[in-house]
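Report on one structure; see the data block that follows.
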Amino acid sequence: MALLTNAVELPGCWTRDDLHEVALLCGPWGRQARWPPEAVLLFLLNWAMDNRQHTFERYLLEAWPSLRALVQGWALPMAAVAVTPAALCQVRQRLGLRALQALQQKANARASADFDLLTRRWGLRLWAVDGAWLNLPPDPLLAKQFGRPSGTENGRLPLPQALLVSLDMVNLGWIADYRLQPCHYPELRAGIELTAGLGPGDLLLADRLFFDTPWMKELRQRQVELLWRVTAVRWKSFCDASRTRVQELRQRGGIVDCQVMLKVDTDHKGQPRGGLLPLRYLELPPCHSGQETMRLLTSLSAERLPAHEAPDGYHQRWGVETDIRFYKGPDHLPVVLSRKSSTVQQEILLRILAHNWVRSVQAQACLLARAADRGSFPPSGANLAARADRRRSPPRGLAPSRHRRQPRRGWQSCSAVGICPAPIHRNPARIISSAPP
């Protein structure tokens, strides 16, 4: 992934023209910076990709030679020596979010246009929402801005926390949008806000924590397809006739697969007052001890989504968990280094941009591999390993765990990202270094 000094295209989701256009939004830099805006943006993106291993002071010395050679190759003015980390921090604070949000919009537009084939399954674009609480540094201003959970048993106050809820393109592992809110902000409300732009041709995968019948009705009115996991008690939200039908199928044993009418809203007596929503209910019992029953609600027909393939389809949502995991620090340590509200928001967006940058390189490599060998890849970015396992064993979710193929160590699983397996290089020097002679 070396970046050529004479290249027009950057590796990933931006071009030099994109970077120059966004640099115009940065405004004037202080004299102490002595860096063009393009160099500042590249430095911040690579620092975010470094996965919390370096502060500015440590990373500046490592990145400076490659960055200076690259920018000089673009015929942009650049200081002869590296600036101090303090000066770079001041420039970053003036940067704000406008330029970074423009980079995000450009990356999303390019991903939708170039990687649309990889985002689909069953002919639909797969989306998912998920949330995480991020530990922040122990700063009183951050505690006031984002709040903190209640005290622990030993009386110590926990760290300040922020709620991050993201909207992901599942097959790409791409974070298309997000909300960063105080820790007590309702996660469901953030999910509703993020999915306001979905429409025909989209399929939303959601966990049981996001179960909300008025939201589901509103999504179906916009022709958004649904695949929802529900808890054991959610079948009580069905109308009386649907509940009776589910009980009858349960007594027969095996898979429960039937159309139900879901109460959109009820009064204090449990009677529907917001109408009924027709959906398909799937209940797949465990095949061995230790495996839990899978319960799903979907708008997809049996022809489009057979019951035995439903668990494998829903499990694609696990990629969202792995995407957000790079925010979750070990042992509940802070995962954000910044100590001001403005720079906390900037750091979160920088990490999302760096994450999508890597995903775009993976997606481009997958498209090239498909073009070289068209017969070796399915048409919708499906998991090749899962297809091979399906021919030898029962579907995932119904078979014992010993039949499941484990991903190779050091590689991203196809089931997580839905694209060609490719190693994720976290060495930032490979991104901004000049090409060898």
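For region 245-258, taking the residues that are free of Cβ contacts under 8 Å to residues at least 40 places away in the same chain and in a loop (DSSP other than H, G, I, E, B), the one that is surrounded by the most Cβ atoms within 10 Å (Cβ to Cβ) is identified as Gly254.
Which ones in region 57-82 are hydrophobic (A, V, I, L, M, F, W, C), closer than 30 Å to Asn135 by Cα and buried (at least 18 other Cβ atoms within 10 Å of the Cβ)? Listed by number, the residues that qualify are Leu60, Ala63. Quick check: anything in region 286-297 over 30 Å from Arg351 (Cβ atoms), β-branched (Val, Ile, Thr) and outside any loop (DSSP other than H, G, I, E, B)? Scanning region 286-297, I find no residue that is over 30 Å from Arg351 (Cβ atoms), β-branched (Val, Ile, Thr) and outside any loop (DSSP other than H, G, I, E, B), so the answer is no. Filtering region 64-87 to residues that are in contact with a helix residue (DSSP H, G or I) (Cβ under 6 Å, 6 or more places away or on another chain) and either under 21 Å from Glu347 (Cβ atoms) or in a loop (DSSP other than H, G, I, E, B) (or both) leaves Leu67, Met78, Ala82, Pro85. Contact map, region 90-118: residues that are closer than 18 Å to Arg16 by Cα paired with residues that are part of a helix (DSSP H, G or I), Cβ distance under 6 Å, separation 6+ or inter-chain. Pairs shown: Ala99/Val22; Leu100/Leu349; Ala102/Val22; Leu103/Val22; Leu103/Leu353; Lys106/Asp18; Ala107/Asn356. Scanning region 234-253 for residues that are of a type in the set (Val, Ile, Thr) and either under 18 Å from Thr298 (Cβ atoms) or at pLDDT below 90 (or both) gives a single hit, Val246. Cβ separations smaller than 7 Å between residues 6+ apart or across chains give the following pairs from region 301-318 residues that are farther than 19 Å from Asp168 by Cβ to residues that are aromatic (Phe, Trp, Tyr) and assigned to a loop (DSSP other than H, G, I, E, B): Arg304/Trp122; Leu305/Trp122. For beta carbons closer than 8 Å, sequence separation of 6+ or different chains, a first residue in region 336-359 that is on the phi > 0 side of the Ramachandran plot and a second that is part of a helix (DSSP H, G or I) and surrounded by fewer than 20 Cβ atoms within 10 Å (Cβ to Cβ), there are no qualifying pairs. Could you tell me whether Pro140 is touching an Asp or Glu at 6+ places or on another chain (Cβ under 8 Å) and free of Cβ contacts under 8 Å to residues at least 40 places away in the same chain? Against the criterion (touching an Asp or Glu at 6+ places or on another chain (Cβ under 8 Å) and free of Cβ contacts under 8 Å to residues at least 40 places away in the same chain), Pro140 does not qualify.
Between Asn51, Asn108, the distinction of being under 20 Å from the mean Cα position of the chain (by Cα) and at pLDDT below 80 belongs to Asn51 only.
Let's see how each residue does on (1) surrounded by fewer than 20 Cβ atoms within 10 Å (Cβ to Cβ); (2) aliphatic (A, V, I, L, M); (3) at negative phi:
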{"position": "Thr84", "(1), (2), (3)": "yes, no, yes"}
{"position": "Ala87", "(1), (2), (3)": "yes, yes, yes"}
{"position": "Gln90", "(1), (2), (3)": "yes, no, yes"}
{"position": "Arg94", "(1), (2), (3)": "yes, no, yes"}
{"position": "Leu97", "(1), (2), (3)": "yes, yes, yes"}
{"position": "Leu100", "(1), (2), (3)": "no, yes, yes"}
{"position": "Arg110", "(1), (2), (3)": "yes, no, yes"}
{"position": "Leu118", "(1), (2), (3)": "no, yes, yes"}
{"position": "Leu124", "(1), (2), (3)": "yes, yes, yes"}
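The values are calculated or read from the model by the stated rules, or taken from the named source; none is laboratory data. Keep in mind it's a predicted model, so treat the numbers as computed, not measured. So basically every Cβ, Gly included, is an ideal-geometry build from the backbone, and we count neighbours across all protein chains shown.
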